[in-house]
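For reference, the structure discussed in these notes is given below.
Where a number appears in this text, it was derived from the coordinates with a stated rule and is not lab data. This is a predicted model, so every value here is computed, not measured. Using ideal geometry, Cβ is built from the backbone for each residue, glycine included, and neighbour counts are taken over all protein chains shown.
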Amino acid sequence: MDVLAARLPLLDAAPAVSTDPDAELAERFRNGERAAFDQIVRRHQKGVWYLVRRYVKRDADASDVSQQAFVRAFKGLATFRGTATVRSWIYRIAINCALSWLRDHRREEPTEIAEDALVEANAAPAKIMGGQEGAQLRAAIGQLPPKQKLVLELRVFDDLSFKEVAELAECTENTAKVNFHYAVKRLRELLAGDDDGGR
Amino acid sequence: MAGDKDRGDVELLSAYVDGIAELSLDERKRVDDLLARDPALRARETDTRALLGQLRELPPPGSEPDWSALERGIGDAVRELDPQPWWSKSRWRFIVPGVALAMTAAILALVLHDPQPDLARPEPAPITQHETPVVDPADELSASTPLWLDGTDLEVALEAAELFDLDWDLDEESLPETAELLPPTDLEWIDELDGESLDRAEQFLDHPRHRRGPS
């Protein structure tokens with residue numbers, strides 16, 4: 001009962017994604033204001049770059065793919081209907097561009113081990129958890145089923161709402177929540193050394 | 001049945017921990033009830049919170065690029081697709097106004113400075129004063145002359161027609177089939193007259209002095 005009491009102030013909280021903060025920018029762009037797109041780029045280039053960087057293993061490639069994603073977004077924004085948020089729409093484009101890039105460059109991609117080495121070399125010391133612990137976590141994430149991995153990363157690393165995660169993972173919001181739960185559960189099992197196959 | 005329901009509620013536990021505001025009021029209440037009943041689940045809630053915290057502390061992959069360079073790169077790539085009209089693009093920006101200005105100047109020069117405007121206009125046909133044949137005052141032939149000028153139906157004096165007929169001394173076979181009262185070559189000058197000349201000619205011929213001859 002005290003658990004419920006502790007949560008009561010949050011019951012009145014507004015839904016996380018009630019309006020799209022980028023909708024006005026998209027509308028202004030559709031009305032011919034080119035600078036509105038520059039603002040969209042400024043707002044989302046970091047998120048897009050980090051999202052893409054989880055797929056491609058070189059920084060320069062991530063920059064190229066990010067640029068490609070924004071070019072596609074520029075071409076399509078005039079016909080963007082607003083059924084999803086602008087952010088999740090751009091992220092969807094970025095994921096598609098990254099997957100397409102991976103298909104085209106499959107043989108050139110470094111191994112996962114190289115990626116981990118790179119991450120450790122570049123990590124900011126103040127924020128780092130133990131290097132080994134971080135590597136274990138990443139390795140565990142890498143073992144998740146693709147859908148769970150996608151949902152977990154979008155939620156935890158990209159700070160997307162479950163609604164946006166659902167739009168990107170092409171499932172219902174409830175399915176996204178359930179997938180998130182099983183991803184966390186599986187991760188816990190993997191980190192505990194209980195590798196018996198997930199859900 | 002209750003087990004299935006509980007399982008569904010447990011599946012919302014991570015979403016409950018990570019974003020309670022994104023659950024409906026009913027979902028929140030169900031998870032709260034479950035947590036209140038099950039101490040093991042409360043322990044799992046704590047573990048989940050700790051794990052999500054660890055995940056969020058993971059450093060991002062790669063090293064940060066130069067964000068302003070990336071933004072410039074995107075801006076340059078997008079500018080090439082910019083649907084601005086061709087004439088406003090940089091390479092045409094100076095050529096198009098220059099050509100337009102030159103063409104306007106040329107047209108204005110042609111319109112405002114016409115050096116010899118009269119040369120372009122055709123000279124009006126000179127009014128030729130045809131000699132009116134001297135006729136016998138008694139002769140009524142000259143009265144029918146306007147017939148040839150304006151083409152309106154006029155009553156021609158029978159005497160005149162007879163006179164024409166009588167004057168032809170050529171035989172029937174030597175005349176062309178299209179022969180008329182007068183040879184057409186004699187009338188070609190009429191076609192060259194303009195309206196003003198015809199009016200003047202008519203006035204001239206209608207004047208009683210010329211029509212009737214000196215009395």
* For region A:70-79, what does the Karplus curve 6.51 cos²θ - 1.76 cosθ + 1.60, with θ = phi - 60°, yield as ³J(HN,Hα) per residue in whole Hz, taken in order and with x for Gly and Pro? -> 5, 5, 5, 4, 4, 5, x, 5, 5, 9
* Structure fact -> Given a Förster distance of 51 Å, the FRET efficiency implied by the Cβ-Cβ spacing of A:T83 and B:E202, rounded to the nearest 0.05, works out to 0.05
* Structure fact -> If the chain between A:E27 and A:D159 were fully extended at 0.36 nm per residue, the gain over the current Cα-Cα distance would be 45.1 nm
* Estimated inter-spin distance, B:R79 and B:A40, nm [label 7 Å along Cα→Cβ] -> 6.4
* Structure fact -> Hydrodynamic calc, region B:29-69: Kirkwood Rh from Cα pairs, then Stokes-Einstein at 20 °C with viscosity 1.002 mPa s, so D in µm² s⁻¹ is 164
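Can you compute the FRET efficiency between A:Q132 and B:S68 using 1/(1 + (r/R0)^6), with r the Cβ-Cβ distance and R0 = 22 Å? Round to the nearest 0.05.
Efficiency, from the Cβ-Cβ distance: 0.05.
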* **Label-to-label distance, nm, for residues given as B:L110 and A:E170 (7 Å Cα→Cβ offset)** => 6.2
* Asked: Which distance in nm do the two modelled labels at A:K75 and B:D6 give, with both placed 7 Å along the Cα-to-Cβ direction?
  -> 5.4
